[in-house]
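To keep things clear, I will list the structure first and then write my remarks on it.
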Amino acid sequence: MAKIIAFYNNKGGVAKTTTATNVAGVLSLQHKRVLLIDGDPQGHTSLTFGVDADDLQTTLGAYLSSGWDAKQASDYFINVNDYLDVVPSNQSLSDFIIAVSGEDPKFRNKHLKNFIDPIRDEYDYIIFDMAPAVDIILENIVEIVDDLTVVAVPETYAVKNAETTLKITDDKQVIVRHIVPTKTQLNTNTHKFMLENLREVAEAHNIKMTDTFIPNLIAFAEAVSIYELPLALVKDNHYKSAQKYYQNLVKELGY
Ligand SMILES: Nc1ncnc2c1ncn2[C@@H]1O[C@H](COP(=O)(O)OP(=O)(O)OP(=O)(O)O)[C@@H](O)[C@H]1O
Ligand SMILES: [Mg+2]
């Protein structure tokens with residue numbers, strides 16, 4: 001049965017999508033069967049693989065709105081390689097969120113569970129990329145997630161939001177095991193100093209800041225812009241050293 005993992009921070013731009021897509025890429029190279037689901041109407045998960053979800057009818061929002069489960073939708077998943085499938089999202093996910101906002105939370109929070117349940121045995125990992133939002137999709141993900149990881153850039157705004165994020169997850173009784181520092185620039189005093197603040201936030205909530213830091217490297221954006229792939233899946237020796245970071249993270253998270 002698939003382990004359900006998610007990467008979250010209610011702050012934007014901290015590398016949730018970059019982390020979700022690269023972790024999915026690394027796992028697929030290890031021949032783990034991965035379903036990567038875009039939980040963000042911005043549609044960046046599929047865009048990482050060169051697919052603009054605005055052109056698609058076959059997206060998470062459409063499936064949820066029409067009551068389709070993942071088994072029914074599986075013919076339309078984007079097959080990246082033999083081990084990695086992607087469920088894209090676009091604005092229709094926001095339409096779905098608005099449409100169900102009046103439902104009793106007992107039902108409202110179960111839509112994603114109902115969606116994935118029929119295919120949980122067909123994957124080793126189901127990975128959610130999440131929006132920088134506190135919304136119904138977050139409520140749905142906390143119902144099913146086995147391992148939620150907070151990603152944060154070691155800067156004032158993101159550290160503040162990491163703390164807010166942990167208050168939200170504490171309230172919802174979600175177990176968070178790790179905070180991953182992303183886009184780090186350890187040659188700067190600001191990042192060195194703010195990393196210690198981030199560590200204190202983690203320790204105050206009894207969770208571990210990973211020993212793996214993801215450094216600020218243009219290679220992550222370059223892979224998406226030039227190869228239409230997460231860096232993890234680019235076959236070019238030039239990127240070998242940059243690819244180590246998410247490989248190490250996958251190891252450290254125990255996947
Ligand atoms: N380690 C990194 N080094 C340099 N740039 C990075 C790194 N990780 C991500 N980026 C870049 O930072 C930007 C934001 O990353 P990303 O889209 O993954 O963040 P996000 O948290 O998913 O954002 P959003 O909240 O909008 O969904 C992107 O342009 C991405 O290429
Ligand atoms: Mg994103």
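Look at segment 41-69: where a residue is among the β-branched types (Val, Ile, Thr) and a partner is away from ligand 2 (no atom under 16 Å from the Cβ), sitting 6+ places away or on another chain with Cβ atoms under 6 Å, you get VAL51/ILE78; THR58/TYR76; THR59/SER92. Restricting the first member to segment 11-34 and to residues that are away from ligand 1 (no atom under 16 Å from the Cβ) and among the β-branched types (Val, Ile, Thr), and the second to residues that are open to solvent by 10 Å² or more (accessible area, probe 1.4 Å) and not in a helix (DSSP H, G or I), the beta-carbon pairs closer than 7 Å and six or more apart or on different chains are VAL34/TYR83; VAL34/TYR123; VAL34/ASP124; VAL34/TYR125. Of all residues in segment 17-49, which are open to solvent by 10 Å² or more (accessible area, probe 1.4 Å), within 14 Å of ligand 2 (Cβ to nearest atom), out of contact with any helix residue (DSSP H, G or I) (no Cβ under 6 Å at 6 or more places or on another chain) and not in a loop (DSSP other than H, G, I, E, B)? Correct list: LEU47 only. Among the candidates ASN161, ASN140, the residue that is within 16 Å of ligand 2 (Cβ to nearest atom) and part of a helix (DSSP H, G or I) is uniquely ASN161. Counting only residues that are over 18 Å from THR45 (Cβ atoms) and away from ligand 1 (no atom under 16 Å from the Cβ), segment 124-135 holds 1 of them. What is the one condition in (1) surrounded by 16 or more Cβ atoms within 10 Å (Cβ to Cβ); (2) more than 16 Å from ligand 1 (Cβ to nearest atom) that ALA152 does not satisfy? Of (1) surrounded by 16 or more Cβ atoms within 10 Å (Cβ to Cβ); (2) more than 16 Å from ligand 1 (Cβ to nearest atom), only one is false for ALA152: (2).
Against the list (1) among the hydroxyl-bearing types (Ser, Thr, Tyr); (2) more than 21 Å from THR19 (Cβ to Cβ); (3) within 16 Å of ligand 2 (Cβ to nearest atom), the condition SER92 fails is (3). The selection criterion, being within 14 Å of the chain's Cα centre (by Cα) and modelled with pLDDT under 95, holds for VAL142.
The values are calculated or read from the model by the stated rules, or taken from the named source; none is laboratory data. Fair warning: this is a prediction, and the values are worked out from it, not measured in the lab. With ideal geometry, Cβ positions are generated from the backbone for all residues, glycine too; neighbour counts draw on all protein chains shown. The protein model used for the area step is the full one, side chains on, heavy atoms only, and it has no ligands, DNA or RNA in it. Shrake-Rupley method; radii C 1.70, N 1.55, O 1.52, S 1.80 Å.
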